[in-house]
Amino acid sequence: MTTVPAVALVGISKRFGAIVANDGVDLVLSRGTVHAVMGENGAGKSTLMSILFGLVSPDSGNIFVDGKPTTFSGPLDAISSGLGMVHQHFRLFESMTVAENVVYGAEPRRNGLVNRKAAHDRVRELSARYGLDVDPGAVVGTLSVGTQQRVEIFKALHRDARILILDEPTAVLTPGEVTSLFAVIRRAADAGTTVVLVTHKINEVLSVSDEVTVLRDGRVTGRFQRADATSAKLVHAMTGREVTPVANSGSGSVGAAVLRVNNLTVVDHHTVRVTDVSVDVRAGEIVGIAGVSGNGQHELVEAILGTRRALSGTIELLGRDIGAASVRDRRALGLAVIPEDRRGEGSAVQLSTAENLTLGHHRTAPVGASRGLRRGWISLRAERARARDLIAEYDVRTSGEQLPVGSLSGGNAQKVVIARELSHNAPLLIAEQPTQGVDVGAIEAIHGRLLDYRATGGAILLVSHEITELLALADRILVMYAGRIFAEFSRSEATTARIGAAMAGAQAETDIPTEASRL
Amino acid sequence: QSGDDAGSASTDESLIVITPTPIGSNNFLQLAVDGADEAGEKYNASVDVYESEDPTSIQQNLDAAIREAPSVIIGVSFSVLDQFTQAAIDYPDQQFLLIDTSAEEPTPNLTAAVFKEYEATYLTGVEAGLLTEANTVGVVASLDTPFLHRWIDPFFAGAASVNPGVATGVQYVGGDNPFGDQARAKAQAQILVDGGSDYIQAASSGGNLGVFEAATESGAFTFGVDTNQCLDAPGTVVDNAIKRVDVALVNTVGEILDGNAGGFSSYGLAEGGVSLTGLEEGVADSECLIAGFPDVLEQVAAVRDQIVSGEITVADPLTAG
Amino acid sequence: MNVFEWGFVAAVLLAATPILYSSLAGALSSQVGVFNIALEGQMLWGAFAAVAGSFYTGSAWAGVLIAVVTTALFSVTLAVGSARWGADPIVIAIGTNLFALGITGFLMRVLFDVSGTFSPRGLQGLDKMSFLAEIPVLGPVFAGQTALVPLAFVFIVVIGLWLKLTPSGLRLRGVGEHPEAASSLGIKVASYQMWVTIAGGALCGIAGAQLSLGNVTVFTENMTAGRGWIAVAAVMLVMGRPLWLPVACLGFGAAEALGFRLQGIGAPQQLTDAAPYAITIAVLVGMRMWVTARNRRPSLSAQPVPLPSQPESTS
Amino acid sequence: MNIEPVPGGPGTVAPRAPEPLSRRSRASALLTLAVRHPAVVPTGAVVLAVLIGAAIVLAAGLNPISAYSAVLAGALDLENLDYTFSVWALICGMALAAAIPLRMGEFNLGGNGQMVLGGLAAAFIAGQLDLPSILLIPLAVVAAGVVAGAFGAISAPLSTRYGIPIIISTLLLSPVAVAIVSYLLRFQLGEAGSAVAQTERFPDSAHMWALGSLSYSNMGLILIIVLMALFWLVDSRSAVGFELRVIGANRRFASYGGVRVGRLAFGAMAASGAVAGVVGAIIVLSPPYRLVDGALLSPGYTFAGLAAALLAGGRPAFVPLTAALFTILQVGGGGMERSADVPRQLSDVLQGVVIIVLALRTIVDSRRTGRSATS
Ligand SMILES: Nc1ncnc2c1ncn2[C@@H]1O[C@H](COP(=O)(O)OP(=O)(O)OP(=O)(O)O)[C@@H](O)[C@H]1O
Ligand SMILES: Nc1ncnc2c1ncn2[C@@H]1O[C@H](COP(=O)(O)OP(=O)(O)OP(=O)(O)O)[C@@H](O)[C@H]1O
Ligand SMILES: [Mg+2]
Ligand SMILES: [Mg+2]
């Protein structure tokens, strides 16, 4: 090819203290292509994208846009050079309308005021061009996650971004939404936009990307065209080894009910979030809850955990009614939870990894003591020792247990949460999106652990929008839609198509033919 | 602000004044300090002022003063009474002077000078009672403390003595800065005016300026305290209940230095320790409105004489209540 | 005593105006995510600067101008410290308040050689709008006030509209709601925070000037006497909606003026002292109780995500 | 089953060993190490603040050296030490009252109200009960702690239930308490015939035990030191202390993890109020052995304590030191005015400057620790 690449990153290096996040990375993005960036947790993907978007300045290396060397001193430079970024954690103003969010920072004006009409027209025009349907006047906080992501993409397109960066864009989408997102991506690429896609999902890479760059430990370990990329090659480039998917073999003895939720209804901010939901989870069983986020799964989990009050209904744990119990009592009785919102709920970013691992274990041995003279006191030495053990056991990539969790990469922070909750060995584990942002190798390891948990008689309520994950692990799958249990599938009945349709609210009686199947 | 005369060659005597709170906008404390400065000048004494924050720092300032061993340690106001009484017992060789308060069981080295402000306020009340056309008078005071009632109750009593049935109103400034919140004092004076008062006694220390402003703006009249405040708002202030702290201080310090320590002197109308600007010399140049009412002054002078002669006794709100 | 009369309204307005300006500063800061509790200190400085300015120039409006400019400068530490350098605004503000209290008293003694109160002869206060005296309603309410009093309301409306309608207002709101989102769109969050805080300083300068040259014509040590803290409470009360500030501030003014009037019928001074604070906390609690109660119950209009039309969506 | 570590294949990058340091960079490393010592930044800030203060004094045409030596002499002369220590105890106490909620990220601005309520409770016990010292004094102190603690605790449910920030509710409740105490002193509990609102002098049995022949410092000092030590122990070694810190770092994380946030906040605010109340009790049980309206507030212990706590970042080990700093400024401020003729207000100026400069130290902190500011 003789054409100048849209963007070329050459020899990019970035260190954070002792950690080398990027080490001489080259990344070439050809115009009008979809380019996937893959890698294990902590491989340096986010760092690289941050450098590309001007959020972080590299220690060394050069950025060329349209062949011209460029330095970005901030995102504004990047934006004016034609870059747009959709962050994994959306950066939207929830109290503002779609139109306001889209034009924010680049407003159409009239007489010095924001031209509302022009802004709305712009959103409608983008909607039409990319075949999406978004109401410009809707308040963003009330929209579904999928629609919010469209707003994010519109933000970039409104600024005529020629290079669009998407960091793990599919993590929170239904299969249907993923399909529609990919359609948009293709359309954009065909129209000349260059798309960079950071992802952990190999099937996505294979289905939508033209080129792939793989990172490991801050270095490029593989470059592929779509034609010669295979799942095995990609995994090997990422991890340096083979990864065998683990799956629920279906066997195993199921015991008594550990969790019994009856007719639960939860209301928040005027809105019924959970409507009359009943779920049982028995010992030695993994019950999956599928659903697009925002359909009440999270509120259901909160109600079981006790951080949210139910309006009506009962919750029994190990035969005891826990409806009025505190979170602490519920946890003491035998409940562990891997929460969906890792940063907001599952960890405290300023606290050290050791302290994050200690919460919930600080009143029991070895860190604390549940009885005797040491009751209520903490041993700092035991805290450190336990933290080191868990870090090693769960392969958390960090240079020390005293570092704040906020300095870990997304996937490694997730491992800290998983280590803390699994080490409770509680009779009931609720796992919400346990593998979000976690790399392929780690996903399999975590899946293996969950299956072990089940094998030793643990009960697991697995909330996920990852259909493949549910199919691999769950004994039964319930689909939540609009706050209700909308459908239930046994292992043998469950297919991606059926679940996907139910997640979208379709009462699928007949199988929808689809090419996607279990990984 | 200390008045040690750096220029003069040697000062044989020394005075230390201890205030109970920072002087700030509390013009009574300022007056005491001015009086001490005057005494210092007269007796060629150095003057130091120690401002306290609270009872403990009063004690600490007192200790520091005792270490300096000045000729006289002067304590101002009731708030220092406890500490001074004890110190006078503990240090029999040190001379102490209490201004505006006196000990129940004084030692020979503890002299006291108290003022009968209430006698002067009674007279401003008489003036107000004679002058009021609305038959309503009021007071704006810093705080509702027993001591400050010396500017409230006698004022109303004086007004009622010449104008039975006169209506009264009182406003206390309070808040975070009771001795210096002119904005509140002004708003409160305005409330008194709105309520019908046309003559208002200002007893809100630094806040008095606010009272004067309100009166100026709404055509009412006021009385000042302690010094000639007519100068602060000419055309609005009728008269002042003045307190000759300087006179008292100079006199008592002189007595102590002469070796006549002990006991207490009380400065009322009879002793010339309190008075009205209108009853002093130089009324004409005082800018006080009362100068324009010789007949009122005449009556007030008569009442003053009756008080001096004991014909009328003005109740001290402190001991009465 | 008749409680509702125009004089009462005037008194409430007078008490409310300095609080209104400073709470506007606080509300703007909170819009950009800076919790500004330095209002007390900034207002105090403004009051001092206004009097000093009027004293030296002989013109009250020059005093106001000097107060505005110097208080804006005075707020630079808070602005730069919290926005640019990421220091804790609460800590800086506490330092600022103490500093303002000290430096105004100190300068009064050093510059004017007085302690406590500074009101030299001939100090120019702001003119009252006495030309309004003949007009009904406006007359009794505004004739005794300075132009800064009605101007406060103009400010509120203009700023409210600006926030709502202009690009910079939109950006400003976004900065407070989600700073990362704003900065990822190239908005210089720190600059917005900094300039808004400095503008807040200027508003506090007006607040102080109104207090020392408008409400009265004098400066006293600790003259603000807690008004800046009331402004902070007002900001809390309106929960980020500047257009409601007049309601909150007039509420405080009314609580205070009512307290004074109650003294007239024998209520103790301590009641007046406590009333504005007690009423605020009661209103806050009441508001929150109402909000929580509303959120807990499903209202009639509350609809869950609508259920789909049943079978035809299968393709 | 373990998650396997990545084998060291050809593509992997071994974690780099730190490069050997040249002598120069070793020196600079030593320097960084020295600069990173936790005591360095506060000390530097104090030095800077002192310089700024000197500039102000100089600009005012006064002599900074004599001003500062007067400050030091006023606070640290042998004969003043007794007094200085007694003030230190009170500032330390109020710093403790501020530091406890600071650990969970909350500000207690209501120390004034809590302190006067404590003083009131102690005064009531001391004035009404006829008991021997050994019972009366502890009872008065405990009553102060209970009453002020209960008052302080009100802010916890206001925050956890009604979402009113503690900084606001404490700020608003405080003047109400002050007004109530003032009212009671004026009309119910006040001594008749006294010129200011104050209680009667307490009987000898209610006089806080003296420490030897010292006239200012008494058992109150020991009590505060014990409370400080207790705070240090609980903060660093106890489950509750850990939970408080977790709340401070991320409240949602805490409640998800089973920390009873409401209860803990209640406990922390109660403890904070109680300590402030105990300070009030110590003040009224010391000379002049009465509760005088306004006298507890005028020295400004609450804000000095708050400033000291902020300066120490709430860390128990630093609180006594920062409290000492503010004590010197406050006590020495009086000495400065007495002997150097520098206006007393300079002491407030200096305190303000120290706080501001120290707040700005986060610049240095954040440059050091990268993306996350740890405390
Ligand atoms: N600001 C920072 N300070 C310290 N370390 C950092 C910082 N940012 C990233 N790192 C470290 O750099 C390495 C690369 O992180 P990065 O976030 O780029 O990984 P990633 O590939 O995005 O991982 P994930 O898949 O988990 O999101 C990690 O070890 C991370 O801990
Ligand atoms: N608290 C923080 N302060 C500053 N920078 C942060 C913070 N948290 C994350 N970052 C930076 O932002 C980068 C991108 O963040 P992003 O939200 O994409 O998380 P991530 O590392 O990709 O994790 P994940 O995608 O698994 O949630 C991180 O790699 C890190 O460098
Ligand atoms: Mg990442
Ligand atoms: Mg990520």
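The values are calculated or read from the model by the stated rules, or taken from the named source; none is laboratory data. All figures in this text were calculated on a predicted structure; none of them were measured in a lab. Positions of Cβ are generated from backbone atoms using ideal geometry, with glycine treated the same way; all protein chains shown enter the neighbour counts.
Tabulated data for the structure shown
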{"quantity": "Hey, A:MET38 outside any loop (DSSP other than H, G, I, E, B), within 16 Å of ligand 4 (Cβ to nearest atom) and either out of contact with any helix residue (DSSP H, G or I) (no Cβ under 7 Å at 6 or more places or on another chain) or free of Cβ contacts under 8 Å to residues at least 40 places away in the same chain (or both) or not", "calculated": "no"}
{"quantity": "Meets criteria (among the hydroxyl-bearing types (Ser, Thr, Tyr), surrounded by fewer than 24 Cβ atoms within 10 Å (Cβ to Cβ) and within 13 Å of the chain's Cα centre (by Cα)) for C:SER30", "calculated": "yes"}
{"quantity": "Complete set of residues in the range A:334-344 that are touching a helix residue (DSSP H, G or I) at 6+ places or on another chain (Cβ under 6 Å), away from ligand 2 (no atom under 13 Å from the Cβ) and either free of Cβ contacts under 8 Å to residues at least 24 places away in the same chain or more than 8 Å from chain D (Cβ to nearest Cβ) (or both)", "calculated": "A:ALA336, A:ILE338"}
{"quantity": "Residue check, D:ALA192 more than 10 Å from chain C (Cβ to nearest Cβ) and either surrounded by 20 or more Cβ atoms within 10 Å (Cβ to Cβ) or in a helix (DSSP H, G or I) (or both)", "calculated": "no"}
{"quantity": "Selection within the range A:394-433 - more than 10 Å from every other protein chain (Cβ to nearest Cβ), polar (S, T, N, Q) and either without any contact (Cβ under 8 Å) to a residue 12 or more places away in the chain or more than 15 Å from ligand 3 (Cβ to nearest atom) (or both)", "calculated": "A:SER423, A:ASN425, A:GLN433"}
{"quantity": "Those residues of the range A:31-66 which are away from ligand 1 (no atom under 13 Å from the Cβ) and either within 16 Å of A:ILE12 (Cα to Cα) or not assigned by TED's automatic domain parsing to the domain that holds A:ALA188 (or both), in sequence order", "calculated": "A:GLY54, A:SER60, A:GLY61, A:ASN62, A:ILE63, A:PHE64, A:VAL65"}
{"quantity": "Residues satisfying the stated conditions in the range D:150-171, i.e. within 7 Å of chain C (Cβ to nearest Cβ) and within 18 Å of the chain's Cα centre (by Cα)", "calculated": "D:LEU171"}
{"quantity": "Those helices (runs of 4 or more DSSP H) lying entirely in the range A:403-494 with at least 2 residues more than 16 Å from ligand 4 (Cβ to nearest atom) and of a type in the set (Asp, Glu)", "calculated": "A:440-455"}
{"quantity": "C:SER59 more than 18 Å from C:LEU126 (Cα to Cα), hydroxyl-bearing (Ser, Thr, Tyr) and either crowded, with 24+ Cβ neighbours inside 10 Å or in contact (Cβ under 8 Å) with a residue 12 or more places away in the chain (or both)", "calculated": "no"}
{"quantity": "The one condition in (1) within 14 Å of chain C (Cβ to nearest Cβ); (2) touching a residue at least 24 places away in the same chain (Cβ under 8 Å); (3) within 16 Å of ligand 1 (Cβ to nearest atom); (4) not in a loop (DSSP other than H, G, I, E, B) that A:GLY84 fails to fulfil", "calculated": "(3)"}
{"quantity": "1 or more residues of a type outside the set (A, V, I, L, M) and within 20 Å of B:SER142 (Cβ to Cβ): qualifying strands (runs of 3 or more DSSP E) within the range B:195-269", "calculated": "B:199-203, B:221-226, B:237-243"}
{"quantity": "Failed criterion for A:ASP167 (all others in (1) within 12 Å of chain C (Cβ to nearest Cβ); (2) buried (at least 19 other Cβ atoms within 10 Å of the Cβ); (3) away from ligand 4 (no atom under 16 Å from the Cβ) hold)", "calculated": "(3)"}
{"quantity": "Flag if A:ARG187 is more than 16 Å from ligand 3 (Cβ to nearest atom) and either in the same structural domain as A:ALA497 (by TED's automatic domain parsing) or farther than 30 Å from A:GLY11 by Cα (or both)", "calculated": "yes"}
{"quantity": "Filter result for B:GLU41 (surrounded by fewer than 20 Cβ atoms within 10 Å (Cβ to Cβ) and closer than 23 Å to D:GLU337 by Cα)", "calculated": "yes"}
{"quantity": "Any hit, the range B:224-240, residues being facing chain C (nearest Cβ under 8 Å) and buried (at least 24 other Cβ atoms within 10 Å of the Cβ)", "calculated": "no"}
{"quantity": "The listed residue being buried (at least 19 other Cβ atoms within 10 Å of the Cβ) and out of contact with any Asp or Glu (no Cβ under 7 Å at 6 or more places or on another chain), out of D:LEU185, D:LEU117, D:LEU135, D:LEU129", "calculated": "D:LEU117"}
{"quantity": "Positions within the range A:419-442 being under 23 Å from A:PRO169 (Cβ atoms), more than 11 Å from the chain's Cα centre (by Cα) and at pLDDT 90 or above, in sequence order", "calculated": "A:ALA431"}
{"quantity": "Elements of type strands (runs of 3 or more DSSP E) in the range A:143-257, at least 1 residues being closer than 22 Å to A:ARG122 by Cβ", "calculated": "A:163-167, A:194-198"}
{"quantity": "Total residues in the range A:5-25, condition within 16 Å of ligand 1 (Cβ to nearest atom) and either in contact with a Pro (Cβ under 9 Å, 6 or more places away or on another chain) or modelled with pLDDT of 90 or more (or both)", "calculated": "13"}
{"quantity": "Wholly within the range D:90-188, helices (runs of 4 or more DSSP H) carrying at least 1 residues that are without any contact (Cβ under 8 Å) to a residue 12 or more places away in the chain and under 26 Å from D:ALA323 (Cβ atoms)", "calculated": "D:133-153, D:166-187"}
{"quantity": "Neighbours by Cβ (under 8 Å, 6+ apart or cross-chain): first from the range A:351-380, facing chain D (nearest Cβ under 8 Å); second assigned to a strand (DSSP E or B) and hydroxyl-bearing (Ser, Thr, Tyr)", "calculated": "A:GLY376/D:SER238; A:TRP377/D:SER238; A:ILE378/D:SER238"}
{"quantity": "Among residues of the range A:167-197, those that are within 16 Å of ligand 1 (Cβ to nearest atom) and small (Gly, Ala, Ser), counted", "calculated": "1"}
{"quantity": "Residues of the range A:170-218 satisfying the condition of being on the phi < 0 side of the Ramachandran plot, within 14 Å of chain D (Cβ to nearest Cβ) and within 15 Å of ligand 2 (Cβ to nearest atom)", "calculated": "A:LEU215"}
{"quantity": "Condition check for B:ASP153: under 30 Å from B:GLU213 (Cβ atoms) and either free of Cβ contacts under 8 Å to residues at least 12 places away in the same chain or acidic (Asp, Glu) (or both)", "calculated": "yes"}
{"quantity": "Residues of the range D:220-235 classified as surrounded by 16 or more Cβ atoms within 10 Å (Cβ to Cβ) and in contact (Cβ under 8 Å) with a residue 24 or more places away in the chain, total", "calculated": "9"}
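Residues are listed down the side, and each one gets a yes or a no for (1) within 9 Å of another protein chain (Cβ to nearest Cβ); (2) in a loop (DSSP other than H, G, I, E, B); (3) of a type in the set (D, E, K, R):
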{"residue": "C:LEU163", "(1), (2), (3)": "no, no, no"}
{"residue": "C:GLY174", "(1), (2), (3)": "yes, no, no"}
{"residue": "C:ALA182", "(1), (2), (3)": "yes, no, no"}
{"residue": "C:ILE187", "(1), (2), (3)": "yes, yes, no"}
{"residue": "C:SER191", "(1), (2), (3)": "no, no, no"}
{"residue": "C:ALA231", "(1), (2), (3)": "no, no, no"}
{"residue": "C:LEU243", "(1), (2), (3)": "no, no, no"}
{"residue": "C:ALA248", "(1), (2), (3)": "no, no, no"}
{"residue": "C:ALA255", "(1), (2), (3)": "no, no, no"}
